[in-house]
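Have a look at the structure below before the remarks.
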Amino acid sequence: MNSLFMIFSLGIVGASLMVISTPNPVYSVFWLVIAFVNAAVMFISLGLDYIGLIFIIVYVGAIAILFLFVIMLIQQPNKVDSQDHSHFLP
């Protein structure tokens, strides 16, 4: 029981670090989903089944998917190649 708690806690910390360090927002949302699922499994392993299932339904099913839809609907401009600066010259 204690080892499962440590494994899922490290999974939450690792996924949370990937959320803030990943430059692509879509991948960041996927890491956020992994962190939420790890938290839900940790709650279920502690005997809090209802809280774990609500965590999956509310956070993974609603909030993370909403974040993903918003990110995909916002058009990000393409990044300019750092080697092609000829159009900036007078």
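Scanning the stretch 1-39 for residues being closer than 22 Å to Phe69 by Cα and small (Gly, Ala, Ser) gives a total of 5.
Please determine, by comparing only the residues of the stretch 47-71 that are touching a helix residue (DSSP H, G or I) at 6+ places or on another chain (Cβ under 7 Å) and over 23 Å from Phe5 (Cα atoms), which one is surrounded by the fewest Cβ atoms within 10 Å (Cβ to Cβ). Step by step, filter the stretch 47-71, then rank; the result is Ile71. If the condition is being more than 14 Å from the chain's Cα centre (by Cα), hydrophobic (A, V, I, L, M, F, W, C) and under 18 Å from Ser9 (Cβ atoms), then the stretch 41-67 contributes Val41, Met42, Phe43, Ile44, Leu46, Leu48, Ile51, Phe55. In this entry, Phe36 is excluded by the filter for residues that are in contact with a Leu (Cβ under 9 Å, 6 or more places away or on another chain), free of Cβ contacts under 8 Å to residues at least 40 places away in the same chain, surrounded by 14 or more Cβ atoms within 10 Å (Cβ to Cβ) and not hydroxyl-bearing (Ser, Thr, Tyr). With a requirement of 3 or more residues that are among the polar types (S, T, N, Q), the helices (runs of 4 or more DSSP H) lying completely within the stretch 2-56 that satisfy it span 2-21, 25-45.
Being surrounded by fewer than 18 Cβ atoms within 10 Å (Cβ to Cβ), within 12 Å of the chain's Cα centre (by Cα) and touching a residue at least 24 places away in the same chain (Cβ under 8 Å), is that true of even one residue in the stretch 16-29? Yes.
Bear in mind that the values in this text are calculations on the coordinates, not laboratory data. The structure presented is a predicted model; accordingly, all values stated were derived computationally and were not measured. No Cβ is skipped: glycine too gets one built from the backbone with ideal geometry, and neighbour counts run over all protein chains shown.
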